[in-house]
Each structure stands twice: as structure tokens, then as C-alpha cells.
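The values are calculated or read from the model by the stated rules, or taken from the named source; none is laboratory data. Remember, it's a predicted structure, so these values are computed and weren't measured experimentally. Heads up, the Cβs are rebuilt from the backbone with ideal geometry, glycines too, and the neighbour counts pull from every protein chain shown. We work out accessible area using only protein heavy atoms, side chains counted, and drop any ligands, DNA or RNA first. Shrake-Rupley method; radii C 1.70, N 1.55, O 1.52, S 1.80 Å.
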Amino acid sequence: MISSALLTPFNPSLSLSWLYLHAVTETKLVVDTSRGETLRINFDVTFPALACSILSLDAMDISGEQHLDVKHDIIKKRLDSHGNVIEARQDGIGAPKIEKPLQRHGGRLEHNETYCGSCYGAEASDDDCCNSCEDVREAYRKKGWALSNPDLIDQCKREGFLQKIKDEEGEGCNIYGFLEVNKVAGNFHFAPGKSFQQSNVHVHDLLAFQKESFNISHKINRLAFGDYFPGVVNPLDGDNYTFKKTEWPRLITDVVIRGIIAQSHVDRVVPTVYTDVSGHTIQSNQFSVTEHFKGADIGRLQSLPGVFFFYDLSPIKVTFTEQHVSFLHFLTNVCAIVGGVFTVSGILDSFIYHGQKAIKKKMELVIGAWGEKEIKPSK
């Protein structure tokens, strides 16, 4: 029994050896004193019923900085009704070329002329040219004007702007990439239409698409504030939000008559620093989520249909540091475990020994009593 008990110290020692050979993570909470940094937002969102040609991305923060209709560092994938990829392209690239377009002076482009298209009253200066439908829309956006009928714009008509939207009817869009924003509270959102400012109000031009409803059902494949680090959990990854047709916002002129206008995810972003055992540091963030759904009532003034992400920065920073257990600490733990096991083994051995001795003594007394009874002479 003693010999079998003495084998038990090796199992905890082996477990402790594993902890010694592998790094342990120490967690600390500190005040975030960083200033002037940027925040990288990585996203991958799929809209199964919203075409890429009408989907736009905007970002803004409390400092007043705005990024409207963001196109850089973003890839859009056109999806069919079954979710299969039709085409993948970087947003803002691939506009068709126009042959013999209308010049600013009213005539058609001749062979030996340089093309300079009209901006239809939205020119910022006399030298401005709008050589594509996108240029005209951008000029209108800067003026705070809505482009109500693209067919009246020569560039849009020749590029087939409305026909392109009709061709993509029933398609979906997978939009992914990243945003680099100031490390202050703000929001970014996905919504149909080109955005612009009008009387200090954020507005999206929806009339150009000649649609009366927008299905903002979506799946968040990935959303992360910063780079990946071991153990990070992004709570919105893989979440799917599907809305019934009766919940789609329907537009009549400038009034929403029913439906879910927007879904917002309010994120509390916690700055996080992860340092691995080799000393490599990853500056990232963790976040928590609260969801809100905003509906439209009959007669309510127009609200923007879309998916909004509002975020705020926590003043507390979390630091994760990987480190090895020191050899002296490891040796102390091993000695404590071995000593403890030997002590317990000694107690068990003593208990078993004295138990056996007591039982043996009782058995001798019983046997002696039976022997006296058997040899007692009968009367």
C-alpha cells in the first residue's frame, strides 16, 4: 500500500512541469493614457438583398471628422440570390468609358478635343469637369443636392446607371475591408444611397434609385476593432439578422410609412494590449454589444434605413502578458506537492497500520473467547 501511494506524486509533478514549460497569462487593468491614436475597424458584412451599386459606407466621430461614401480599402462582392459570388471588385473602380459624350459647352466630343463634361450647375469653379456619372453625383453631394433623375444626366444615361441598378435587382452584396478612424467615440453605418450634408444634417440620396423599399437584412461575418490576438472573442461574428417583408421600410416621396428603419449595434470598446512570451506586443481592442431596432410609424418624417454601429472608448485598458513561471517558483511548488503527498501517504499508512492492528487484536479476543467456551467441561 505504501509503495503504491508513493507513486502518486508524479502525476501532479508532471502537470506542474507542463505549466512550467508553457507560458501563463497575467491580466492587469490600467488607465488608458494614450492620445492621438487611430482605431482600425475590420469588417465583413453580407447583405443578401441589397445590391452593391446602391450600398454605401460612412463613418463619423464626435470630433466632427466625416468619411462619406468610403471607397478606399473596401472590396464589394456581388452575390446572386443563392449567395454565390458573381463579381468582386474594389469599390469605385471599373466605371465604363463613354464614347462621344456631351461636352460642357453643349456639343459632342470631337476626335481632337479633350473631354470636359458638365456638372449641371454643381461646379465649384469654372474649370471643374464631371467626366462620369460618379463625378456628377459627387459634385451634387458636395453641394448638398439630391440627384432625383439620373436619366437627365448625360454621363449617367450613357453609362447606364439606372439600367445597372435594374440589372442588379435581386442581388446581394458582401462588403469587407477596414476603416482607419480617430480613437474617439463615433459611428459608422451601411446604408443605401450616396450620402451628403444638407443644413448640417446627414442625408442619403435614395430618389436616384427609384425604389420604394429596402431590405436591410444582413449577416455580420466578422467585426473587430483592431488586430486579432489569442483568446479574443468578437461577440457579433456570425450573427444573422433577417427581416420580414412587412418590416422593410417603404418610401413614398420623402415619407416612411412603415417598417424597420435601422438596426444599431452600440459597442463599448475596451483598449487591449497583448504581449506574448517573446515580447511581441499587439495593440488591439475588445468590445461588448447592445442592440437596438428603430421602427417607422405612419406619417413619420423620413429616417435613413441602414445598419449603424455606434462605439465609445473605455478609459480602462486591459493588458495581457504571457510569461514563464520562474524555476525557483516551480521548484518550490514541486517540493510542496511532493511533501504534501508524502505527508498524506504517511497518515494513510498510519491509519491502515493501526486499523489492522486493532482488528487483529479484536479477532484474537474473539477467537480466545470461543476457545474457552469449547474447552469448558460439561456438567
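Taking Cβ atoms as reference points and 12 Å as the exclusive limit, the residues near SER34 contribute a net charge of +1, counting Lys and Arg as +1 and Asp and Glu as -1. Given a 1.4 Å probe and the protein chains as shown, THR33 ends up with an accessible area of around 110 Å².
Distance between the modelled labels on THR319 and ASN149, one decimal in nanometres: 6.5 nm (7 Å Cα→Cβ projection).
Of the residues LEU313, LEU29, LEU331, the one with the largest accessible area comes first in the ranking LEU29, LEU331, LEU313, computed with a 1.4 Å probe on protein heavy atoms. With the simple model of a label 7 Å out from the Cα in the direction of the Cβ, VAL24 to THR114 spans 7.2 nm. Pairs exceeding 23 Å between alpha-carbon atoms, taken from LYS143/LYS183; LYS76/LYS194; LYS71/LYS183; LYS71/LYS317: LYS143/LYS183; LYS71/LYS317.
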